[in-house]
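Heads up, the thing below is written out as structure tokens.
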Amino acid sequence: MHSKDQICHEDYQKTADWLLSQTQHRPKVAIICGSGLGMLADALKCQDSFKYSDIPGFPQSTVQGHAGRLVFGELKGKTCVCMQGRFHMYEGHSLKKVTFPVRVFKLLGVETLIVTNAAGSLADSYHCGDIMIIRDHINFPGLAGFNPLNGPNDDKFGPRFPPMSGVYDKDLRKMAFDICKSMGLSQFVQEGVYCMVGGPNFETIAEARLLHKLGVDAVGMSTAPEVLVASHCGMRVFGLSLITNKVVKSYEDTESVNHEGVLEVSKMRSETLQSLVTELIGRMDINNNTA
Ligand SMILES: O=P(O)(O)O[C@@H]1C[C@H](O)[C@@H](CO)O1
């Protein structure tokens with residue numbers, strides 16, 4: 001490890017090599033679970049799991065609803081690795097730390113990243129409990145210069161100036177939509193734009209109105225850094241937001257959002273999300289590697 005914010009290729013490799021020595025699983029798909037959505041990992045068969053604190057070089061989860069375990073296993077016969085708990089910028093992690101697992105996944109052989117998050121809705125037509133397929137994102141910290149790709153570019157992972165148009169894979173979005181239809185979930189499913197803000201505070205009303213005007217459908221405090229690092233190193237990306245609250249946009253509104261409420265809604269919908277992700281992975285065209 002170099003300075004606090006610099007992580008070199010060997011650091012990612014060391015963690016990947018350690019994991020490869022501890023499990024026979026060779027995942028092609030990685031899943032990052034959002035707040036209260038860690039139950040997704042419970043669906044994996046033939047599990048090998050590791051506490052983050054036992055994995056060399058791994059950051060630690062500090063947020064309630066993020067268990068801090070990396071779980072390997074199979075979903076519908078496809079080998080996956082699942083982060084039960086992600087890292088956020090507001091926890092004090094550098095963005096290189098936040099995205100550290102994504103590059104480790106690349107070195108494990110992962111080709112597709114599935115991200116999930118809890119988010120508040122700005123779109124008037126959305127309801128609490130809706131599932132939003134992420135079509136695109138606005139990365140506010142990124143626009144302000146807080147980017148995990150800052151610093152010397154590691155050409156072994158990807159190019160200095162990666163494109164980000166079309167970052168959320170169109171075929172996977174379509175597949176997810178079709179699955180939702182066949183599961184009878186159409187009335188809860190949306191497709192829209194996720195916006196990452198730094199957090200940890202929820203939005204002021206003026207900020208909420210600004211985001212609404214900008215065309216943001218859902219706002220959260222994660223996802224964009226992991227997605228852009230995954231895309232930079234050539235992974236296919238799919239993302240889901242669970243709408244856990246409506247963002248307050250009116251000064252007359254007396255409601256306010258809190259993390260406990262977010263976790264409650266996540267819990268209520270986590271089984272549905274689990275079925276959707278499982279079905280999606282089942283339909284992906286993936287050949288398993290073996291150790
Ligand atoms: O990890 P995610 O993005 O799902 O977590 C969201 C954003 C904050 O971390 C937290 C707020 O309740 O939930």
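The values are calculated or read from the model by the stated rules, or taken from the named source; none is laboratory data. No experiment lies behind these values; they were computed from the predicted model shown. Positions of Cβ are generated from backbone atoms using ideal geometry, with glycine treated the same way; all protein chains shown enter the neighbour counts.
The table for this structure:
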| read-out | value |
| --- | --- |
| Leading residue by the ranking (surrounded by the most Cβ atoms within 10 Å (Cβ to Cβ)) among those in the stretch 246-272 that are part of a loop (DSSP other than H, G, I, E, B) and within 9 Å of the ligand (Cβ to nearest atom) | 257 |
| Identity of the residue in the stretch 169-224, assigned to a loop (DSSP other than H, G, I, E, B) and hydroxyl-bearing (Ser, Thr, Tyr), that ends up surrounded by the fewest Cβ atoms within 10 Å (Cβ to Cβ) | 204 |
| Extreme residue, farthest from residue 279 (Cα to Cα), among residues of the stretch 76-88 that are surrounded by 23 or more Cβ atoms within 10 Å (Cβ to Cβ), away from the ligand (no atom under 16 Å from the Cβ) and of a type outside the set (Ser, Thr, Tyr) | 81 |
| Candidates 116, 99, 112 - the one that is among the hydroxyl-bearing types (Ser, Thr, Tyr), modelled with pLDDT of 95 or more, touching a Gly at 6+ places or on another chain (Cβ under 7 Å) and buried (at least 20 other Cβ atoms within 10 Å of the Cβ) | 116 |
| Count of residues meeting criterion [of a type in the set (A, V, I, L, M) and closer than 13 Å to residue 129 by Cα] in the stretch 235-268 | 7 |
| Tabulated pairs, the stretch 256-271, first more than 24 Å from residue 205 (Cβ to Cβ) and touching a residue at least 60 places away in the same chain (Cβ under 8 Å), second more than 8 Å from the ligand (Cβ to nearest atom) and part of a loop (DSSP other than H, G, I, E, B), C-beta under 8 angstrom, 6+ apart or interchain | 268/129; 269/129 |
| Pair list, Cβ under 9 Å, 6 or more apart: the stretch 69-88 residue among the acidic types (Asp, Glu), other residue assigned to a strand (DSSP E or B) | 74/45; 74/46; 74/47; 74/80 |
